[in-house]
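Below: the structure, in structure tokens.
The values are calculated or read from the model by the stated rules, or taken from the named source; none is laboratory data. None of the values given here were measured: they were computed from a predicted structure. Glycine gets a Cβ as well: all are built from the backbone with ideal geometry, and neighbour counts include every protein chain shown. Accessible surface is based on the protein model in full, side chains and every heavy atom, while ligands, DNA and RNA are left aside. Shrake-Rupley method; radii C 1.70, N 1.55, O 1.52, S 1.80 Å.
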Amino acid sequence: MIMNLNEIEALLKRFYDGESSLEEEQRLRDYFNQEIVPDHLSSHQEQFRYYNFAREEKNPQSDLESDLIKKINLENIGKTYGKRHRAFYFVTGIAASILIFIGIYFQFIADHNNTAYSMEDTYEDPEAAYAEAKKTLLIVSEKFNAGVNDFNKFSSFNQYKELITRKN
Amino acid sequence: MKSEEFIEKVLPVNRKLYRFAYRLLANREEAEDIVQETFMRLWNKRKNLHEYRNIDAFAMIITKNLCIDSLKSRNRNVMDVDSPFNTKDEVSPYEKTELADSVMNARQIIDHLPDQQKMIIQLRDIEGYSFEEIAEIMDLNINTIRVNLSRARKKVRDSLTKKYDYELKRN
């Protein structure tokens, strides 16, 4: 695109007055991007060439964009993982409640009809029942006392311990 | 907004945000941190992003505010010699291309403009935002922006002209 000097100078004036449009500014940058401009315009050239240069600049020491993409994808994986987790908890929750209901059904409701496990009297005669119960309790207390006898060894242990602590 | 849409529609603004932050802070690492923070906030708002007419400008507002906060805390820490905020990056060897050399003067002049003029030049002459968008980002009216832009452009022109005249006389 060839522009005459008058046009360029008019555009420059609008530019420095802050009145140029984006298209006009683009034309100025294009014009000054060429190698050779008239001497009296050369001091403007660097400003426009710098603008052209600066819009392509990025940090040469890192790759911010791929870092950001990585982060976004990580966030995303975290989100779907969380969703799957929640679904898993929901389903296992339902399964567990079903199991509990089945358990309750067999424990209480189904057993109700099965008389084999319900409480029943085993003796007709109360005297015989009493005698049997007394005999059972005696055996228990005997075994219990046998166990308690072993604890007497501890009291002698305590005596010696007291002797030692008193010496010190 | 799903991640694919987010990557397609929101992510590309990251370069503009980085250049803006780097212009203001003159520190690459800090500029990157601010862009990362901006994207974290945008990501957290992804459900409502459709409501914004101009996501680009919205992202730029977040970055601008983070930069201004950072500059404020830098001023607070100015007495602290060891503060990491006092470091300004040197131009890296990667950036020292022939092209970069030929525009180094313009770059330095813009870097020494007042923050507000620096931001307006960055948004208009480098990133090509419309006056309406710049008004939204800077929270200023369009006329103030035109006036400041004009001032900044003339300063760049005058400083460059002085430099060229000086070099002409010297040769």
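Things worth noting here:
- Compactness relative to 2.2 N^0.38 Å, alpha carbon Rg of chain B: 1.15
- Cross-link pairs exceeding 22 Å between alpha carbons, from the set B:Lys64/B:Lys162; A:Lys70/B:Lys16; A:Lys70/B:Lys45: B:Lys64/B:Lys162.
- Residues with amide H under 5 Å from that of A:Glu57, placed H, sequence gap 5 or more: none
- Cβ neighbours within 10 Å from other chains - mean over A:14-25: 4
- Relative contact order, whole percent, for segment A:1-59 stands at 26, derived from Cα pairs under 8 Å and 6 or more residues apart.
- When all alpha carbon pairs of segment A:1-78 are counted in 5 Å bins from zero, the resulting P(r) reads 3, 13, 20, 18, 10, 6, 7, 8, 7, 5, 3, 1, 0 %.
- When all alpha carbon pairs of the protein assembly as shown are counted in 20 Å bins from zero, the resulting P(r) reads 21, 34, 12, 10, 13, 8, 1 %.
- Chain A: relative contact order in percent, alpha carbon pairs under 8 Å with at least 6 residues between: 9
- C-alpha long axis of helix B:55-76 to longest principal axis of chain B, angle in °: 60
- Comparing B:Val156, B:Val13, B:Val103 in a Gaussian network model of chain B (Cα springs below 10 Å), the most mobile by mean-square fluctuation is B:Val103.
- Scalar couplings 3J(HN,Hα) for segment B:17-31, obtained by applying the Karplus form with A = 6.51, B = -1.76, C = 1.60 to θ = phi - 60°, are 4, 5, 4, 5, 5, 5, 4, 7, 9, 6, 8, 5, 5, 5, 4 Hz; x denotes Gly and Pro.
- Just the protein heavy atoms count here, and of the accessible area of segment B:1-65 at 1.4 Å, carbon and sulfur take up 46 percent.
- Peptide A:39-51 is shielded by partner chain Cβ atoms: per residue, an average of 6 of them sit within 10 Å of its Cβ.
- Averaged over peptide A:61-73, the number of partner chain Cβ atoms lying within 10 Å of each residue's Cβ comes to 5.
- The per residue volume of the convex hull around the alpha-carbon atoms of chain A is 483 Å³.
- Chain B: relative contact order in percent, alpha carbon pairs under 8 Å with at least 6 residues between: 23
- Spin-label model distance (nm) - B:Asn48 vs A:Ile139, 7 Å beyond Cα toward Cβ: 7.8
- Paramagnetic label zone (point 7 Å from Cα along Cα-to-C-beta, A:Thr122; backbone N under 14 Å) in segment A:130-150: A:130-137
- In order along segment B:144-152, phi translates into HN-Hα couplings of 4, 5, 4, 4, 5, 5, 4, 4, 5 Hz, rounded to whole numbers, per the Karplus curve 6.51 cos²θ - 1.76 cosθ + 1.60 with θ = phi - 60° and x for Gly and Pro.
- Applying 0.36 nm per residue to the separation of B:Met104 and B:Lys72 and subtracting their alpha-carbon distance, the gain on full extension is 8.8 nm.
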